[in-house]
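Working notes for the structure below.
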Amino acid sequence: MCQLTQKEKVLLRIIVDTITSCNMIETIDIEINKSPVSRLSSVDFNNLSFGHVFSDHMFVADYTDDEWKNFQIIPYGGLLFSPAISALHYGQAIFEGIKAYRQKEDRIAIFRPMKNLERLNISAERMCMPAVPQEVFMQGLTQLIDLDRKWAPSAVGQSLYIRPVMFATDTILGVNASKNYKFVILTGPVAAYYSKNLKVKVELHYSRADEGGVGYAKTAGNYARALYPTKLAEQEGFDQLIWTDSREHAYIEEAGTANVMFVINDVLITPSTRDTILDGVSRHTILDLARAWGMQVEERRVSVDEVIQAIKKGTLQEAFAAGTAATIAPISVIGHKYDLYTLPDPQARVFSNKALKALSDIRYGLAPDQFGWNYLI
Ligand SMILES: Cc1ncc(COP(=O)(O)O)c(C=O)c1O
């Protein structure tokens, strides 16, 4: 497959997609304007952090006159906008986070991109934005990654982070759903988002999302409203927050910018999704793995009290944040009211270490992809 030309690879993928989904998928015409020089040699892959480095190119598309058009791959760089664009004033901005991994024989595996497309379009609907069609998302993504494939790192723990983002570009002041949008895909090599075990505080005053609100959408404002309470927690020496429901602050919802999971009495427990919780791809993936291994899984409301009681009784074995950026980030300390609880040693945790290794092996092509999670290009 790696000896095919870029266009042949995309065509092959489209044929495979068409056969598997029995849908006719259109081919879009992407104009490619290559960067005259690559910045790749200036990147220190031994010292990668998260989100600071961008690959040479980006995919851009416009939504105007009720359709997506102007598909282009262009050198990564600034775009020119009026300060009146409505995304800046009224917040119509949504995004996604995906990772791709370099496998042997120059294969790149994108991890479950269709799940992110599904969620992007759920966010779009809630924010009165247009859906991104599968052919635009997947062909933009695969052609971009193919062009910048050298940017995908191969070291375990590193990956190519992919950030699709859509925002409103109407230049009219007035609170209305915009008629014009831009869709952009950026990529860049990253290391893990969290480089240490997490000390988290159970947030009992502020909230990330409210019932009837937009917590289940991956929209920019959700992250903006989380900044202040997170800053306060950091000032108290915590790395992140455990968000609780906004009504009673009695039920656990998420951990910072990730979903949260606990192992109590050998049962994997995680808050069930609702309109205040982002339905994470990692969450689905980890639950699928646990079920396949015969572990008991519970998706339900999880009270703060039950978690604190389990810590006190010694029945809480593991707690971790689960997300694309966070991967599986162990929680080592939980702060609740005036108490700090130290959890069991992250290195000795059975389930999360096994899941992290299994996922890593699937992503880097070191173990069979029995769930069909890798989208190979
Ligand atoms: C608020 C929030 N919850 C959960 C997640 C985890 O989602 P995923 O596993 O799809 O990355 C994220 C990831 O970005 C997030 O921002």
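Annotations
- For segment 103-125, the set of residues classified as more than 18 Å from the chain's Cα centre (by Cα) and either within 16 Å of the ligand (Cβ to nearest atom) or farther than 27 Å from E31 by Cβ (or both) consists of Q103, K104, E105, E125, listed by residue number.
So that you can scan it fast, the table gives a plain yes or no per residue for (1) within 16 Å of the ligand (Cβ to nearest atom); (2) more than 21 Å from L88 (Cα to Cα); (3) surrounded by fewer than 17 Cβ atoms within 10 Å (Cβ to Cβ):
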{"position": "L173", "(1), (2), (3)": "no, no, yes"}
{"position": "K196", "(1), (2), (3)": "no, yes, yes"}
{"position": "V200", "(1), (2), (3)": "yes, yes, no"}
{"position": "K218", "(1), (2), (3)": "yes, no, no"}
{"position": "F238", "(1), (2), (3)": "no, yes, no"}
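- Test: residue in segment 257-280 that is under 20 Å from I331 (Cβ atoms) and at pLDDT below 95: yes
- Criterion (touching an Asp or Glu at 6+ places or on another chain (Cβ under 7 Å) and closer than 29 Å to A224 by Cα) met by exactly one of Y63, Y76: Y76
- Test: V307 is modelled with pLDDT of 95 or more, surrounded by 20 or more Cβ atoms within 10 Å (Cβ to Cβ) and over 24 Å from K196 (Cα atoms): no
- Scope segment 39-86; condition closer than 26 Å to E135 by Cβ and small (G, A, S); matching residues: S55, A61, G77
- Subset of segment 115-154 (residues that are in contact with a helix residue (DSSP H, G or I) (Cβ under 7 Å, 6 or more places away or on another chain), in contact (Cβ under 8 Å) with a residue 60 or more places away in the chain and part of a loop (DSSP other than H, G, I, E, B)): P130, V132, P153
- Of the strands (runs of 3 or more DSSP E) contained entirely in segment 251-350, those carrying at least 1 residues that are within 16 Å of the ligand (Cβ to nearest atom) and of a type in the set (D, E) fall at 251-255, 296-300.
The values are calculated or read from the model by the stated rules, or taken from the named source; none is laboratory data. Note that the structure is a prediction, hence the values are computed from the model and not measured. Note: ideal-geometry Cβ built from the backbone for every residue, glycine included; neighbour counts use all protein chains shown.
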